[in-house]
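The values are calculated or read from the model by the stated rules, or taken from the named source; none is laboratory data. Being a predicted model, the structure only gives us computed values, none of them experimental. Note that each Cβ is placed from the backbone with ideal geometry, even for glycine, and that neighbours are counted across all protein chains shown. Just the protein is used for accessible areas: all its heavy atoms, side chains included, with ligands, DNA and RNA removed. Shrake-Rupley method; radii C 1.70, N 1.55, O 1.52, S 1.80 Å.
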Amino acid sequence: VAQWAEVRVRPGEESFLNASYFVVNDRGITDPSGKRIRQPGHTAHLDAVTKLAHGFRAVADINQLTSQAFRLAFSETFHEAVISEVKSTAFLTNNSGGLYWNLFATQYKNFISVSPEQAVILRSAPSFQFSSPDRAIPRLPVYFSWDVSLEGLRRHDPNLETSEMVRRFNLAPQVTLPIRLGHFLQIVPTLGVGLTNYGGRLAGGTFVERGVNRFTRQAGVDIRLPSFARVWNTPGGRLGDRVKHVIEPRIVYRYVNGVRDFARFIRFDSLDTLTDTSELEYSFTQRLFTRLHSEDSVREWVTWKVAQKYYFDPTFGGALAEDRRNVFASFTSLSAFSFADRAKRFSPVISDIRINPGGRFDAEYRLDFEPREGRVTASGLVVNSRPYKEFFL
């Protein structure tokens, strides 16, 4: 017997609640040996949004699944059956006056095997975040920003089990000084510090409830070099009346120091992937702008960015482990695909082409090329189509 229920409520223009529940009391099937295999379970989903007074907004996206075996057995679509993740998020946020307040709770669960069932569970609850974008300091050409967070975290996987709530406090102020040299060159140096306090740590790969601090010094320089451009008049052409080609070179240097003994820190999210680094990123971005016939608007028809990083410290302060997958902030800021299993000075060359010819199609092609090994390490193509009105492919 299976039961299914759905509730939809819309009390106002800016508020709604959708909830659904599906359960199967499975009698099971018999395998060739005569043993009856049962896969009962249920799924539940809650999606709600409402606006409150004084600029507050409440959102909940809650998902529950008893087991991956139940999902594989009773999902009605192939897409749903092969998903291994279950995500839940709820938050109360206020973003007004240039300040960002957020009280939230999240849980991420990723099944890594069905039999025996094993999963990675990351939980953040309760959590509080207070941050601000760059704000000008009166009478000074300096901008100041900060990020403060206090969270209770938990991680569970086959190799690690933390306590139900591991405290993490993070304070990260930053100062930015934009410098413009004439009309052609812009240099933006930044200085910042990061203080992170953990209520637990790793010792020999085992969790111990012993606090640990991480105090980092961070610096960076973003150099926007002069861009090059040329305009062609193409009356009657397919692209438009005028076409503009722009080449934008950019150099970014980043320095982080103070992490020390990276293996002590439990990886809950991207904040914990910060390592010591001294790196230089250089890129070229080409843009092709067009103006359509009988229209005044300008459209970016093609964007092609090519980027690479050079690491002055290929071991990242000793954090890099040979012959295993390393996930550091220095890598994920460049590519979503892991590429460092040993010390190396150069990252792969990242090529990202986006094409938006207008009408009903747009596309993006991304390629990661490892020059030292002479091979492509990642390649992906995405094509979007709008064949008719609100239909999308």
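Could you grab the relative contact order for the chain? Cα pairs under 8 Å, six or more apart, rounded to a whole percent. Display every interim value, and only then the final one.
On the way: 941 pairs, mean separation 24.7, N = 393.
6 percent.
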- Task: Two decimals is fine: what is log10 I(q)/I(0) at q = 0.14, 0.16, 0.26, 0.31 Å⁻¹ for region 155-207, from a Debye sum with one equal scatterer on every Cα and no solvent?
- Result: -0.60, -0.66, -1.00, -1.14
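For P126, what charge total do you get from the other residues with a beta carbon under 15 Å from its beta carbon, if Lys and Arg give +1 and Asp and Glu give -1? Spell out each step's value before the answer.
Working: positive: R123, R154, R167, R168; negative: E151, E164.
Every neighbour counted, the sum reads +2.
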- Item | FRET efficiency, 1/(1 + (r/R0)^6) with R0 56 Å, evaluated for K389 and V193 via beta carbons | 0.60
- Task: Report, ordered by chain and residue number, the lysines lying within cross-link reach of K244, taken as a straight Cα distance under 26 Å and ignoring same-chain residues fewer than 8 apart.
- Result: K305
- Note on the structure: Rounded to the nearest 0.05, FRET efficiency between R242 and S132 (Cβ-Cβ, R0 35 Å) equals 0.30
- Which value at 222 nm does the chain reach when only helices count, each DSSP H run of 4 or more adding -39,500 (n - 2.57), with the total divided by all residues and rounded to the nearest 500 deg cm²/dmol? -500 deg cm²/dmol
- Message: With every protein chain left in place and a probe of 1.4 Å, what is the accessible surface of Y311, to the nearest 10 Å²?
- Response: 0
- Item | Cα-projected label distance for A44 with N63, points at 7 Å along beta-carbon direction, nm | 1.6
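Carbon-plus-sulfur fraction of the accessible area of region 1-50, 1.4 Å probe, in percent? Can you show the working numbers first?
Numbers: 2060 of 3750 Å².
With neighbouring chains kept in place, the figure for region 1-50 is 55 percent.
Pairs of alpha-carbon atoms within less than 8 angstrom and 6+ residues apart define the contacts here; what relative contact order does region 50-126 have, in percent? Walk me through the numbers on the way to the answer.
Values: 125 pairs, mean separation 20.0, N = 77.
It comes to 26 percent, rounded to a whole number.
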- Query: Using 19 Å as the cut-off for backbone N distance, which residues of region 252-271 belong to the label zone defined by a point 7 Å from the Cα of F312 along Cα→Cβ?
  - Reply: 252-260
- Could you state the number of Å between the C-alpha centres of region 282-357 and region 1-72? 38
- Site N102, offset 7 angstrom along Cα→Cβ, radius 13 Å on amide nitrogen, limited to region 145-174, gives 147-151
- Phi to ³J(HN,Hα) by Karplus 6.51 cos²θ - 1.76 cosθ + 1.60 over region 194-204, Hz, x for Gly, Pro: x, 10, 10, 10, 10, x, x, 8, 9, 10, x
- Query: Based on the Cα coordinates of the chain, what is the per residue volume of their convex hull in Å³?
  - Reply: 237
- Heavy atoms of K389 accessible to a 1.4 Å probe, total area in Å² rounded to 10: 150
- Query: Tell me, what is the 1.4 Å probe accessible area of H156, in Å² to the nearest 10?
  - Reply: 60
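On a 1.4 Å probe surface of the protein chains, which of T216, T43 comes out largest in accessible area, and what is the full order?
Values: T216 0, T43 40 Å².
I get T43, T216, largest accessible area first.
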- Taking placed amide H atoms and a strict 5 Å upper bound, the residues 5 or more places from T66 or on another chain that come that close are H42
- Message: Using amide H atoms built in the peptide plane, which far-off residues or other-chain residues are under 5 Å from A340 H to H?
- Response: N326
- Charge tally in the Cβ shell below 10 Å around F16, where Lys, Arg are +1 and Asp, Glu are -1, F16 excluded: -1
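Show F392, F331 ordered by accessible area, largest first, where the area counts protein heavy atoms only and the probe is 1.4 Å.
On the way: F392 130, F331 10 Å².
These residues rank, largest area first, as F392, F331.
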- Message: Could you derive backbone 3J(HN,Hα) for region 31-38 from the dihedral phi with the Karplus parameters 6.51, -1.76 and 1.60 (θ = phi - 60°), listing whole Hz in sequence and x where the residue is Gly or Pro?
- Response: 7, x, 7, x, 7, 8, 10, 9
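Can you tell me how much longer the chain between T93 and A53 gets when fully stretched, taken as 0.36 nm per residue apart minus their C-alpha distance, in nm with one decimal? Don't jump to the answer; show the numbers that get you there.
Working: separation 40, 0.36 × 40 = 14.40 nm, distance 1.15 nm.
Stretched out fully, the T93 to A53 stretch lengthens by 13.2 nm.
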- Query: Relative contact order, percent, of region 91-232 when contacts are C-alpha pairs under 8 Å separated by at least 6 residues?
  - Reply: 15
